[in-house]
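The values are calculated or read from the model by the stated rules, or taken from the named source; none is laboratory data. Just so it is clear, the model here is predicted, and its values are computed rather than measured. Counting neighbours? That spans all protein chains shown, and the Cβs are built from the backbone with ideal geometry, glycine included.
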Amino acid sequence: MDVLIFEESPKVYASDAQAKALVVPGGSAFNTARHVARCGTNVGILGCVGSDGGYGFFMDAGQRYGINMLLTQKEGFTGTLLVRHEHGERNMWSSPNVARSYIAVPDVNINWLHISAYALFHEESAKVVQELTVKAKSSGAILSVDAASYEPLKQHLDSFLQATRGFDFLFANEHEMEVLAKTDYHYKHVVVKQGSRGSTVDGIHVEAPRVEVVSTLGAGDCFNGVFIAEVSKGAALVEACRKASAEASRWVATDFERRYF
């Protein structure tokens, strides 16, 4: 889950100060799945939540947004992301808690497996990804990965490349591509998210609409979800990229109340 903090008043040592704070369903996997579902494509999430109320929180959110929630509950705290906003940009502090635990892979049909690289940065969840990948490959599923975030990507680069080499799609932003450019990475298609300048797919650039930014939080996940849904429905890659860029632009210009309610 995401804890969003913005509109802060100055800190008062050892006392209270005012801020606007929201607790919303989040995480890269949930955010991406939400946008896949919004495009009318069947989607599910495999994940682990804690015994702190996280199970009901996410099951309710999944029902609200039309996502099949394949959740395992374990003793402990649900993974939490603290997001602090400044001038429309976000800085994040993550506490994975039980979210990176090992869980059994269910017997489900997989047509497209999308992985957030965050799951590859922890030993137990990386094992789950490995088992899912074997299952997906055996059924001929499309495989995609999002590079997650450039700082942990740098720290776990070798394991990331080993786990995802040969995937059909790599999604990354420009900072993450700077890290990957120094390697011999190999993916069938590379999609680069360039913020307000749009995106590229296999080197073909697509412009994004100009908007007034409220917050960039979740923009990359929105892009990924729309792109995956469009390609799943048969769209050409450039057209899927154009639709995803447009929807991500709309998302960053939308206030938080309208994003979640």
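Quick notes on this one:
- Taking segment 55-96 as the range and being modelled with pLDDT under 95, in contact with a Ser or Thr (Cβ under 7 Å, 6 or more places away or on another chain) and either surrounded by 17 or more Cβ atoms within 10 Å (Cβ to Cβ) or in a helix (DSSP H, G or I) (or both) as the test, the residues that pass are Leu81, His85, Arg90.
- The residue of segment 14-53 that is surrounded by the fewest Cβ atoms within 10 Å (Cβ to Cβ), among those that are polar (S, T, N, Q) and closer than 21 Å to Leu4 by Cα, is Ser15.
- Which numbered condition Ser196 fails, given (1) at pLDDT 95 or above; (2) under 26 Å from Ser94 (Cα atoms): (1)
- Matching residues in segment 188-207 - criterion: being in contact with a His (Cβ under 9 Å, 6 or more places away or on another chain) and in a loop (DSSP other than H, G, I, E, B): Gln194, Gly198, Asp202
- Some residue of segment 180-187 being under 20 Å from the mean Cα position of the chain (by Cα), of a type outside the set (D, E, K, R) and either in a helix (DSSP H, G or I) or surrounded by fewer than 18 Cβ atoms within 10 Å (Cβ to Cβ) (or both): yes
- Each residue in segment 232-261 was checked for being touching a residue at least 60 places away in the same chain (Cβ under 8 Å), over 18 Å from Val213 (Cα atoms) and either among the aliphatic types (A, V, I, L, M) or not in a loop (DSSP other than H, G, I, E, B) (or both), and 1 of them qualify.
- The set of residues in segment 129-151 being touching a residue at least 12 places away in the same chain (Cβ under 8 Å), surrounded by fewer than 19 Cβ atoms within 10 Å (Cβ to Cβ) and outside any helix (DSSP H, G or I) consists of Ser139, Ala141, Ile142.
- Qualifying residue in segment 14-24 (condition: closer than 30 Å to Glu123 by Cα and either in a strand (DSSP E or B) or touching a residue at least 24 places away in the same chain (Cβ under 8 Å) (or both)): yes
- So Asn109, is it free of Cβ contacts under 8 Å to residues at least 40 places away in the same chain, surrounded by fewer than 19 Cβ atoms within 10 Å (Cβ to Cβ) and assigned to a strand (DSSP E or B): no
- Some residue of segment 208-224 being part of a helix (DSSP H, G or I) and small (Gly, Ala, Ser): yes
- Complete set of residues in segment 14-54 that are of a type in the set (Ser, Thr, Tyr) and at pLDDT below 95: Ser15, Ser28
- For segment 192-224, residues that are without any contact (Cβ under 8 Å) to a residue 40 or more places away in the chain, hydrophobic (A, V, I, L, M, F, W, C) and under 21 Å from Ser149 (Cα atoms) total 2.
- For segment 25-39, a residue qualifies if it is part of a loop (DSSP other than H, G, I, E, B) and either more than 14 Å from the chain's Cα centre (by Cα) or β-branched (Val, Ile, Thr) (or both), and exactly one does: Cys39.
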